[in-house]
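Report on one structure; see the data block that follows.
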Amino acid sequence: MRRASTLLLAAALVACTESSTGPGTTPDVVAPTAVAGADQDVGLGATVTLDGAASSDAVSVALTYAWTQTTGPAVGPLTGARPMFTAPAAVTTLGFQLVVTDAAGNASAADAVSVFVVENPTATV
């Protein structure tokens, strides 16, 4: 009787797992990791590329990238892993956050990056 109960419980667990994710699959419950790239110093009116391509997910290859500008004059729209825009013509700081979402709908925590728009980004002190 005890062996029969154990077998029924094991069969029920397998049935629950297979019915929700398919046979032999593991549910994707781990959130991906957003990597918004390194802070940048750029010149006035320069072409800027944000780089979220180092973002990753342990299970899913396909990620959706959602960039949000948090500070500075608007430069959008920002789409994809490597959005490009033209820096403002005035000294300012631009702030951005990146959240990535995997194919299962799991979203990462936000990662932030800053772009410092300066008159002469190559000057050394």
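The values are calculated or read from the model by the stated rules, or taken from the named source; none is laboratory data. Being a predicted model, the structure only gives us computed values, none of them experimental. A quick note on method: Cβ atoms are made from the backbone with ideal geometry, for glycine too, and the neighbour counts reach across all protein chains shown.
General remarks:
- When TYR65 is tested against (1) surrounded by 12 or more Cβ atoms within 10 Å (Cβ to Cβ); (2) more than 16 Å from the chain's Cα centre (by Cα), just one condition goes unmet, and that condition is (2).
- The lone exception for PHE85 - which of (1) at positive phi; (2) touching a Gly at 6+ places or on another chain (Cβ under 8 Å) it fails: (1)
- Scanning the range 38-85 for residues that are assigned to a loop (DSSP other than H, G, I, E, B), at pLDDT 95 or above and of a type in the set (A, V, I, L, M) returns ALA38, LEU44, ALA46, LEU50, ALA53, ALA54, ALA74, VAL75, LEU78, ALA81.
- Scanning the range 82-125 for residues that are under 19 Å from the mean Cα position of the chain (by Cα), among the aliphatic types (A, V, I, L, M) and surrounded by fewer than 18 Cβ atoms within 10 Å (Cβ to Cβ) gives MET84, ALA103, ALA104, ALA107, ALA109, ALA110, ALA112.
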